[in-house]
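The values are calculated or read from the model by the stated rules, or taken from the named source; none is laboratory data. Here the structure is a predicted model, which is why all the values come from computation and not from measurement. Because the Cβ atoms are built from the backbone with ideal geometry, glycine has one as well, and the counts that use them run over all protein chains shown. Only protein heavy atoms, including side chains, enter the accessible area calculation; ligands, DNA and RNA are left aside. Shrake-Rupley method; radii C 1.70, N 1.55, O 1.52, S 1.80 Å.
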Amino acid sequence: MKIGITCYPTYGGSGVIATELGKALAKRGHQIHFISYALPFRLTHYIENIVFHEVELSNYPLFEFPLYSLALASKMVEVATYENLDLFHVHYAIPHATSAYLAKQILNEKMDVKVITTLHGTDITLVGLEPSFLSLVKFSTEQSDGVTAVSRFLKEKTLINYSIEKDIEVVPNFIDTEIYKPNKDGAFREHIAPNGEKIIVHTSNFRQVKRVTDTIKVFEQVVKEIPSKLVLVGDGPDRSECERLCRELHLCDHVKFLGKQDALVEILNAADVFLIPSQSESFGLAALEAMACGVPVVSSSVGGLPELVRHNETGYIAEIGDISRMAKYIVDLFSNEKKHKLFAENSRKRAVENFDKSIVVPMYENYYKKILEK
Ligand code: GMT
């Protein structure tokens, strides 16, 4: 198949999934054309069957605001025409599904290019619900030839919040469990916890929905019981507030802010627990990455997290903001080696058996076939 993939290239789980999907499909012989404003950050080297098309923005003085959605639609038309695309697969509805709709209409007389939209999270649960976007997201989703959502939760939210009557296919996030795998050889653990302390890791983009301050409040309770360290990976709007909170709680010696990091597998492998207390999380790719490395997850009970984390089997789930319960669960895991080992093994097993790319990529491939046959 000849597939145009559009995603946010520089940031976030939707871009990761889109890029890894494109790479996996290219290896399976499909022709992949990434169409975006920058090279997806996971496209680090040349891969046969992958071409990148940059959307260039005009800086004509009259356009005070960049016309990205329109420039993207134009580029989609160009790539579909000259590369003879079968379909556009767009990740994150805003504005990608709308640009794809426009491109499809423009191409309509010449060719029938199908549009598949993958809903990832805040495109539906947050940004899309803003009054200025709601009808646009509803329309663009309804007009897509196919729609996938990354969890049952997100599918239900889409159908209810936007009053949409449409078949939405649930295709979960996936991971390469050959790359994200247990490996306890790294030097990171000793560096962070030289006296054998336990390690809690959290990775996110430090937006409000991630409730990163909760990780610090949970840690404050854990460290009172068990010598431990908290490692925070990533950056974003709430980082300063988190650093301030650490100072206020006198935790600076125990909390390490690493900022954005590439060596995630090594960091995750040093973790004893991964903590994700989000306010909203349609799937939780970060938690899956940890599980694949054999790290039990303590999470909030929101969104798609309960579809990933098995309570009392691969980790624990608590209500949003229930700091004490999350701390209690972590202390429980830190003080019970046998249980920790079992949860770690269960986590790895669940990642391999349900969310490995060899299982999920064919789900997308089959869905493409189904939509193309329509
Ligand atoms: O929706 C977002 O906040 C952005 C998006 C992204 O690009 O990172 O994250 C969502 O998509 C990921 C990949 O499907 C999911 O694993 C995340 O759970 C989801 N984030 C939220 O729902 C907050």
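Below is a table of values for the structure above.
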item	result
Dimensionless Rg over Rh [the stretch 153-196; C-alpha; Kirkwood]	1.40
Using a Förster distance of 25 Å, the FRET efficiency for residue 345-residue 42 (Cβ separation, nearest 0.05)	0.30
nm² value of the averaged projected area, convex hull over the Cα atoms of the stretch 187-355	8.5 nm²
Dipole magnitude (debye, nearest 20) for the chain, charges at Cβ of Lys, Arg, Asp, Glu	560 debye
Share of alpha-carbon pairs per 20 Å distance bin for the chain, given as whole %	29, 54, 17, 0
Computed magnitude of the charge dipole of the stretch 253-326 (debye, nearest 20; Cβ of K, R +1, Cβ of D, E -1)	40 debye
Gain on full stretching of the segment that runs from residue 105 to residue 260 - 0.36 nm per residue minus C-alpha separation	51.8 nm
FRET E, pair residue 337, residue 135, Förster distance 56 Å, beta-carbon r, rounded to 0.05	0.55
Accessible carbon and sulfur surface of the stretch 187-355 relative to its total accessible area, %, 1.4 Å	45 percent
Between the stretch 305-357 and the stretch 233-268, the Cα center-to-center distance that results, in Å	22 Å
Normalised contact order of the chain, rounded percent, pairs of Cα under 8 Å and 6 or more residues apart	13 percent
Only Lys, Arg (+1) and Asp, Glu (-1) charged, at Cβ; the stretch 187-355 dipole about Cα centre in debye	140 debye
Restraint check, 27/369; 349/369; 27/166; 104/369; 75/110; 217/328, Cα-Cα greater than 20 Å	349/369; 27/166
Charge tally in the Cβ shell below 13 Å around residue 94, where Lys, Arg are +1 and Asp, Glu are -1, residue 94 excluded	-1
Globularity ratio of the stretch 143-285, using Cα Rg and 2.2 N^0.38 Å	1.25
Violating pairs (Cα-Cα greater than 18 angstrom) within the set 198/339; 181/357; 155/181	155/181
Farthest toward positive dipole pole in the stretch 230-374 [+1 Lys/Arg, -1 Asp/Glu at C-beta], among 299, 355, 283	355
Residues of the stretch 11-67: accessible area per residue with a 1.4 Å probe, Å²	58 Å²
Accessible surface, the stretch 241-342, averaged per residue in Å² (probe 1.4 Å)	40 Å²
Inter-label distance for residue 190 and residue 11, nm, one decimal - labels placed 7 Å from Cα along Cα-to-Cβ	3.8 nm
Relative contact order of the stretch 187-355, pairs being alpha-carbon contacts under 8 Å that are 6 or more residues apart, as %	22 percent
Angle between the chain longest axis and helix 239-248 axis [Cα atoms, degrees, rounded to 10]	10 degrees
Residue 159-residue 82 pseudo-label distance in nm [points 7 Å out on the Cα-to-Cβ vector]	4.3 nm
Radius 13 Å from Cβ of residue 159, net charge of other residues (Lys, Arg +1; Asp, Glu -1)	0
Under the Karplus curve 6.51 cos²θ - 1.76 cosθ + 1.60, θ = phi - 60°, whole-Hz ³J(HN,Hα) for the stretch 260-271, x wherever Gly or Pro sits	5, 9, 8, 7, 5, 4, 5, 5, 4, 5, 7, 7
Members of 184/338; 138/260; 229/341; 260/370; 184/260 lying beyond 27 Å, as alpha-carbon distances in this model show	138/260; 260/370
Under 17 Å from residue 114, Cα to Cα: aspartates and glutamates that are on another chain or at least 8 residues apart	78, 83, 86, 142, 145, 167, 169, 365, 373
Rg [Å, one decimal], Dmax [Å, integer] - the stretch 246-323, C-alpha atoms	13.3, 36
